[in-house]
Amino acid sequence: MEVTDHLVLRGRLVIVGKEPDGDSVRFVPDTADLLQRLIGAERIRPSHDGSVQLRFDGVDAPELHYGKAAQPLGVTARDQLLTRLGFTDITSAGDTSTTITVAHPSGGVRAAVLSTMAESHGRPVSYVIVGDDDTLPPDGARLPAGPDLLARTVNAWLLSEGLAYYTAYTSTPAAHRDQLREIARTARDEPAGVWAQDTTAGFDLKDPSSIGPAGQLILPKLFRRCTDYLGAVSAGFTGDLATWIVTVSADPHHNENDGVLLGGTQLSLSDLLIQQDHHIIFQADLLDITFVEK
């Protein structure tokens, strides 16, 4: 099985004063200089407390705060992830706020992040392992992320519980995609979590409530595109979703038309969409696609 060496960064996952969601938290590395060893390190912008936002590799949880928009199961995914990480007694700023004001331990939980690169938004693309320092891999080590190590990650756990969709990129090693895909397939067969509610294959898109917290659950990447599309429609755009994706992506700095690998062929996200009035059809099995890293 193919493996790829990942850089190990030990540190703390922190949530107090932050807005974690179901597949991303902020991380303060013990040795900040190690971030400079990642591909794309120049994109990383640590905050004043030294923390960086992580992107959990291979997964995409329902949105909790895409601007003011959110999805079904977004709160559930966030809460269960934080519990799995080891946080307790969690309080947010208010009924509608996603900012955490109180949590135990307040200083964060120990973790090791395994990464090779920072993506276009400056987030280290990461596998995350939680535990005490006696059980975590050593800081600064380069390790082959083989199947046993990958199975220990929070990423794999999210997929096994159905708390996140399998969403892999070409930056994810092929062997890792295979392993994570099979974990997600088992969850879908149950069906667990998101798979019990998923309507990505065919859903109605009339207004934001169609895909809001009380609406239909779809792949988060597609939810983000649909949310922005509905905003454009409100502003006067008259085309369908696929046309909007192609139109807005003419600006290379705002490319929403992700490249997609399907069956050995590279397509665009817009190629997979059919719209019949308000009904959207997504023409691919979510476990068969790989997004092209930007």
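Right, D33: among the charged types (D, E, K, R), within 19 Å of T172 (Cα to Cα) and either touching a strand residue (DSSP E or B) at 6+ places or on another chain (Cβ under 7 Å) or not assigned by TED's automatic domain parsing to the domain that holds L217 (or both) or not? Spelling it out, it is not the case that D33 is among the charged types (D, E, K, R), within 19 Å of T172 (Cα to Cα) and either touching a strand residue (DSSP E or B) at 6+ places or on another chain (Cβ under 7 Å) or not assigned by TED's automatic domain parsing to the domain that holds L217 (or both). A count restricted to segment 32-48 and to residues that are of a type in the set (D, E, K, R) and more than 16 Å from P124 (Cβ to Cβ) stands at 0.
Table: residues versus (1) of a type outside the set (G, A, S); (2) within 21 Å of the chain's Cα centre (by Cα); (3) assigned to a helix (DSSP H, G or I); (4) within 12 Å of G58 (Cβ to Cβ).
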| position | (1), (2), (3), (4) |
| --- | --- |
| A111 | no, yes, no, no |
| M117 | yes, yes, no, no |
| V125 | yes, yes, no, yes |
| D133 | yes, no, no, no |
| D148 | yes, no, yes, no |
| D178 | yes, yes, yes, yes |
| I183 | yes, yes, yes, yes |
| T186 | yes, yes, yes, no |
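The sole residue among T227, T247 that is in contact with a strand residue (DSSP E or B) (Cβ under 8 Å, 6 or more places away or on another chain) and either hydroxyl-bearing (S, T, Y) or in a loop (DSSP other than H, G, I, E, B) (or both) is T227. Among the conditions (1) out of contact with any strand residue (DSSP E or B) (no Cβ under 6 Å at 6 or more places or on another chain); (2) within 21 Å of A284 (Cα to Cα), the only one that D204 does not satisfy is (1). Residues in segment 64-93 that are in a helix (DSSP H, G or I) and of a type in the set (K, R): R78, R84. A single entry from T99, T76, T91 fulfils the requirement of being surrounded by fewer than 18 Cβ atoms within 10 Å (Cβ to Cβ), at pLDDT below 95 and either under 20 Å from the mean Cα position of the chain (by Cα) or outside the structural domain of I129 (by TED's automatic domain parsing) (or both): T99. For Q276, state whether it is exposed (fewer than 12 other Cβ atoms within 10 Å of the Cβ) and out of contact with any Ser or Thr (no Cβ under 9 Å at 6 or more places or on another chain). Answer is yes for this residue. For segment 71-86, the set of residues classified as under 13 Å from W157 (Cβ atoms) and of a type outside the set (A, V, I, L, M) consists of Q80, T83, R84, G86, listed by residue number. For segment 21-55, taking the residues that are free of Cβ contacts under 8 Å to residues at least 40 places away in the same chain and buried (at least 19 other Cβ atoms within 10 Å of the Cβ), the one that is nearest to W195 (Cα to Cα) is identified as R26. Scanning segment 56-72 for residues that are over 20 Å from A192 (Cβ atoms) and in contact with a Lys or Arg (Cβ under 7 Å, 6 or more places away or on another chain) yields one hit, Y66.
Table: residues versus (1) assigned by TED's automatic domain parsing to the domain that holds S171; (2) within 26 Å of V59 (Cα to Cα); (3) at pLDDT 95 or above; (4) crowded, with 17+ Cβ neighbours inside 10 Å.
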| site | (1), (2), (3), (4) |
| --- | --- |
| T227 | no, yes, yes, yes |
| D240 | no, no, yes, yes |
| N255 | no, yes, no, no |
| L269 | no, yes, yes, yes |
| D285 | no, yes, yes, no |
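Residues in segment 205-215: is at least one among the β-branched types (V, I, T), assigned by TED's automatic domain parsing to the domain that holds S270 and assigned to a loop (DSSP other than H, G, I, E, B)? No.
The values are calculated or read from the model by the stated rules, or taken from the named source; none is laboratory data. This structure is a prediction, so every number in the text was calculated from the model and none was measured. A quick note on method: Cβ atoms are made from the backbone with ideal geometry, for glycine too, and the neighbour counts reach across all protein chains shown.
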